[in-house]
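Below is one structure, written out as structure tokens; comments come after it.
The values are calculated or read from the model by the stated rules, or taken from the named source; none is laboratory data. Small disclaimer: the values here were computed from a predicted structure and weren't measured. Backbone-built Cβ (ideal geometry, glycine too); neighbour counts: all protein chains shown. Please note that ligands, DNA and RNA were not included when accessible areas were found on the heavy atoms of the full protein model with its side chains. Shrake-Rupley method; radii C 1.70, N 1.55, O 1.52, S 1.80 Å.
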Amino acid sequence: MEFHFDVCGEDYSMAGSASGAIKKKLNQLGLPALIVRKTAIVMYEAEINMVIHAGGGVVDVTITPEVITIILKDEGPGIPDIDKAMEAGYSTASDKARELGFGAGMGLPNIQKNSDGLTIESEVGKGTTVTIVVKLK
């Protein structure tokens, strides 16, 4: 089962709508609550990061009997230091994002904590691809 979402980077009010749609679908499929919770958390955090830092992008979600794979791609500024970005509390969020309650620097650490696999590929000036895996078994 595959799903595709376009994430707008200009509209903070729509941030989280793709992760909400996946959460609803996983509940409809009758997946265990823990799996639904983990998937909703990791996808929401990644989606918000895409809105705050990259100006939007695309999300593709594949669900198999064994695993949920979430791939987020953007053409934003890229991440110059991925290790630094993984540190809890580190953030480069704009004042606007912080005023709206985002950008606390917990997104990537939360994704790592709640997923079964996280890969980040980024090139400064070109964009970032984040691949997240949640195992179903």
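A few comments on the model shown:
- Computed from the Kirkwood radius of its Cα pairs, the Stokes-Einstein diffusion coefficient for the chain at 4 °C and 1.567 mPa s stands at 87 µm²/s.
- Converting the Cα gyration tensor eigenvalues of region 82-137 into ellipsoid dimensions via √(5λ) gives semi-axes, longest first, of 22, 15, 10 Å.
- Highest GNM mean-square fluctuation among GLU66, GLU45, GLU123, for the chain modelled with Cα contacts below 10 Å: GLU66.
- Inter-probe distance in nm under a simple model that places probes 7 Å from Cα toward Cβ, at THR62 and GLU10: 3.3 nm
- Degrees, to the nearest 10: 17-28 long Cα axis against longest axis of the chain: 10 degrees
- Accessible area ranking (1.4 Å probe, heavy atoms, ligands and nucleic acids excluded), largest first, for ASP81, ASP6: ASP6, ASP81.
- Comparing VAL58, VAL67, VAL42 in a Gaussian network model of the chain (Cα springs below 10 Å), the most mobile by mean-square fluctuation is VAL67.
- Anchor LYS126: lysines whose Cα lies under 24 Å away (excluding residues fewer than 8 positions away in-chain): LYS73, LYS84, LYS96
- Taking the protein heavy atoms of the chain in the context of the full set of protein chains, the accessible area attributed to carbon and sulfur is 51 percent at 1.4 Å.
- Fully extended contour minus Cα-Cα distance, from TYR90 to ILE71, at 0.36 nm per residue: 4.6 nm
- GNM top mover of ALA54, ALA93, ALA33 - the chain, alpha-carbon springs below 10 Å: ALA33
- Dipole moment magnitude, nearest 20 debye, the chain about Cα centre, only Lys, Arg, Asp, Glu C-beta charged: 640 debye
- Positive-end ranking of GLY57, ILE22, PRO32 along the dipole of the chain, with charges on Cβ about the Cα centre, is headed by PRO32.
- Take region 2-135 with all the other protein chains still there, run a 1.4 Å probe, and you get 53 Å² of accessible area per residue.
- 13 Å beta-carbon shell around LYS135, net charge (K/R +1, D/E -1): 0
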